[in-house]
Every structure is written in structure tokens, then in C-alpha cells.
Amino acid sequence: MKMANFEELAQAVLDGDETKVVEITKSLLSSGVDPMEVINKGLMAGMDKVGVLFKNNEMFVPEVLMSADAMKAGMEVIKEAAQQGAEVPSLGTVVMGTVEGDLHDIGKNLVNMMLETNGFKVHDLGVDVKTDQFIEAVKQHQANILGMSALLTTTMLNMKTVIDALAAAGLRDKVKVVVGGAPISQKFADEIGADGYAPDAGAAVELCKRLLGK
């Protein structure tokens, strides 16, 4: 069998083919390819294509989630290899959650996955996250970044509540705050004192890298 290449891996992610993704990832790692190359040139390259197609309405949420699951399967292989000695460096620690009163998580989950595959350590608090839960998690994990998501105009103001609580707890200057979700805009992010806003998962990764100087 010829050695698998990055293009085949990217295509397998695009196709949402978990079995093939696992097979090719293992093949590349066993051939001595650097794990970060497998992530960036294979798994991430596939998700980049997914992101473009999704943006252009040529791919829809169920297919995106299949691709995301395939990519996660590849990442699991790499994580197992890392535990056996192959180093996967961390760019920073992110605490992520959907604000109190809001139960939407598809966008947040896509952002988490993209951050993880780019080398960030992500602690996902889930949905309907109360202010004190965000504060505790930032303290506990010594987060570099706090990410908040909202899909309802009625819940988006809870983002400001969390930012105010960070300031009251003396943590505001220790963590960068990024926000996102359908009703959120750069203007709103500026108004509530967030450090950044991202309209989609790809932009969220770039924003987090930029905020941490990566």
C-alpha cells in the first residue's frame, strides 16, 4: 500500500469518513511524519475546505458535523501518540461556554474543535453557563482566553455580566475575552468591553492566536 498523503487525509475529513481518517492518520504517524504537520496539512486543511463550503452554502450542518467527527477521530489518534511520547504543543488555555439562559451549542462546538486542532487546550463548560461558573473555570484552569457564545438577543447581555464579574474578581487583565454567535457583532463586543469578536470558527482561531501573539 502506498503511503497516504495529506491531500487524501484532507479529503477523508471533507467526506466525513472516520474510518479512513483514522487509517491515514496512523499511517502518516507511523511513517515518522510530525504530528503538527498531520494536523495542519491534513486534518486542518480538510476542515478549512469544509469551512469554505459551509460559508458558501455548499455544505450544511449535518455534513459539517460528520466532518468534525472525522477530524476528532484523527485528533484522538494523535493524542494517543502524544501520550506515547510524540509532543503536541499547546498554544494556550481556553475556557468556553454558552451564556446563561442559552442552550445553543453547534457553533461553539465547531469553534472548540477548531481551537483544539490548532493546538489550544479547551475546557468546554457547555450551555446555560452561569456567571460564577465562568469565573471559577477561568481561575481553576488559569485560562488565557475566555470564549462566550450566545444565539439569542435576550441572552447576549449576559456576556457583559460575566466581563463585569471578571473585573470585580480581579481577573479581567489576566484573560482575553472573545465573543461570538448570530446576534453578536464587533460593535457589541466593543460596547461590552470584550477583547475580540469572531463571526465564524476559522476567524475565532485566528483571533485567539492574534490575541496571544502566536
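The numbers here are math on the coordinates, done by the rules we state, and not lab data. Because the structure is predicted, anything quoted here is derived from the model rather than measured. Please note: Cβ atoms are built from the backbone with ideal geometry, for glycine as well, and neighbour counts cover all protein chains shown.
Here the chain is treated with +1 on each Lys and Arg Cβ and -1 on each Asp and Glu Cβ, and its dipole about the Cα centre works out to around 540 debye.
Computed on the chain, the Cα convex hull volume stands at 113 Å³ per residue. Straight-line reach only, C-alpha to C-alpha below 24 angstrom: list the lysines that residue 174 could link to, leaving out same-chain residues fewer than 8 apart. Within the straight-line limit of under 24 Å, residue 174 reaches these lysines: 108, 121, 130, 139, 160, 187, 209, 214.
Each residue, residue 154 and residue 30, gets one label point 7 Å from its Cα in the Cβ direction; the gap between the two is 5.4 nm.
The helix-based estimate of mean residue ellipticity at 222 nm for the chain, built from -39,500 (n - 2.57) per DSSP H run of four or more residues and divided by its residue count, is -16000 deg cm²/dmol to the nearest 500.
Which of the peptides 124-132, 164-172 is most tightly packed, and how do the rest follow, judged by the mean count of other Cβ atoms within 10 Å per residue? Walk me through the numbers on the way to the answer.
On the way: 124-132: 17.1, 164-172: 14.3.
Result, highest mean Cβ count within 10 Å first: 124-132, 164-172.
Here the label points at residue 174 and residue 22, each 7 Å from Cα along the C-beta direction, are separated by 4.0 nm in the simple model.
Quick check: net charge around residue 18, other residues with Cβ under 11 Å of its Cβ, Lys/Arg +1 and Asp/Glu -1?
Residues near residue 18 contribute -3 overall.
All other residues whose Cβ lies under 12 angstrom from that of residue 118 are scored, Lys and Arg at +1 and Asp and Glu at -1, for a net of 0.
What GluC sites (Glu not before Pro) does the range 67-170 have in DSSP loop regions with at most 13 other beta carbons within 10 Å?
Working: sites: 76, 80, 87, 100, 116, 136; in loops: 87, 100.
Loop-located and lightly packed - 87.
Modelled label positions at residue 132 and residue 211, each set 7 Å beyond Cα in the direction of Cβ, lie 2.5 nm from each other.
Please compute the net charge surrounding residue 162, taking Lys and Arg as +1 and Asp and Glu as -1 over other residues with Cβ under 10 Å from its Cβ. The partial results should precede the final answer.
Details: positive: 130, 160; negative: 100, 132, 164.
Summing Lys and Arg as +1 and Asp and Glu as -1 gives -1.
Between residue 185 and residue 69, the FRET efficiency estimated from the beta carbon spacing at R0 = 41 angstrom works out to 0.85. Computed from the Cβ-Cβ distance with R0 of 25 Å, the FRET efficiency linking residue 164 to residue 139 stands at 0.95. In this calculation the C-beta distance from residue 37 to residue 15 is compared with R0 = 30 Å, giving a FRET efficiency of 0.90.
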